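I have placed the structure first, in the form of structure tokens, so that the comments after it can refer back to it.
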Amino acid sequence: MTEVKQNNDEKHGSFEAFIDGTRAGMMTYTWAGEERFIIDHTEVEEAYNGKGVGKEMLLAAVEFARKNHKKIIPLCPFAKASFQKSEELQDVLVN
């Protein structure tokens with residue numbers, strides 16, 4: 001099972017994925033004002049490629065945005081492609 005933990009401060013943050021206590025990946029973001037954040041980088045450890053780790057972190061980011069009435073700007077190629085493929089996630093994108 002994948003566990004995703006969020007780290008957040010006034011300027012930056014991340015979502016880190018852990019599988020059985022081992023870090024499997026990290027998605028970083030930068031705040032762009034108080035209402036938006038930019039997903040700027042996603043990395044998954046090689047041993048966990050193809051196991052949905054990136055998607056789990058993205059879903060955690062979307063859930064955080066929805067709960068806190070924030071919008072997402074996906075600059076990271078992985079996040080951008082994931083949003084384009086999943087219409088049900090696009091409500092949190094900056095128009």
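Select, from His41, His12, the only residue that is of a type outside the set (S, T, N, Q), within 12 Å of the chain's Cα centre (by Cα) and within 19 Å of Pro74 (Cα to Cα). On inspection, the qualifying residue turns out to be His41.
Here's the yes/no breakdown for (1) of a type in the set (D, E, K, R); (2) closer than 19 Å to Lys5 by Cα; (3) in contact with a helix residue (DSSP H, G or I) (Cβ under 8 Å, 6 or more places away or on another chain):
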residue: Val44; (1), (2), (3): no, yes, yes
residue: Lys55; (1), (2), (3): yes, yes, yes
residue: Phe64; (1), (2), (3): no, yes, no
residue: Ile73; (1), (2), (3): no, no, no
residue: Ala81; (1), (2), (3): no, no, no
residue: Gln84; (1), (2), (3): no, no, no
residue: Glu87; (1), (2), (3): yes, no, no
residue: Val92; (1), (2), (3): no, no, yes
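Checked against the criterion of being assigned to a helix (DSSP H, G or I) and either at negative phi or surrounded by 14 or more Cβ atoms within 10 Å (Cβ to Cβ) (or both), region 19-31 has no qualifying residue.
Yes or no: region 60-69 includes at least one residue that is in a loop (DSSP other than H, G, I, E, B), out of contact with any Pro (no Cβ under 7 Å at 6 or more places or on another chain) and surrounded by 13 or more Cβ atoms within 10 Å (Cβ to Cβ). Checking region 60-69: not a single residue is in a loop (DSSP other than H, G, I, E, B), out of contact with any Pro (no Cβ under 7 Å at 6 or more places or on another chain) and surrounded by 13 or more Cβ atoms within 10 Å (Cβ to Cβ).
Where a number appears in this text, it was derived from the coordinates with a stated rule and is not lab data. This one's a predicted model, so the numbers in the text were calculated from it and none came from an experiment. Note that we place each Cβ from the backbone using ideal geometry, even for glycine, and neighbour counts take in every protein chain shown.
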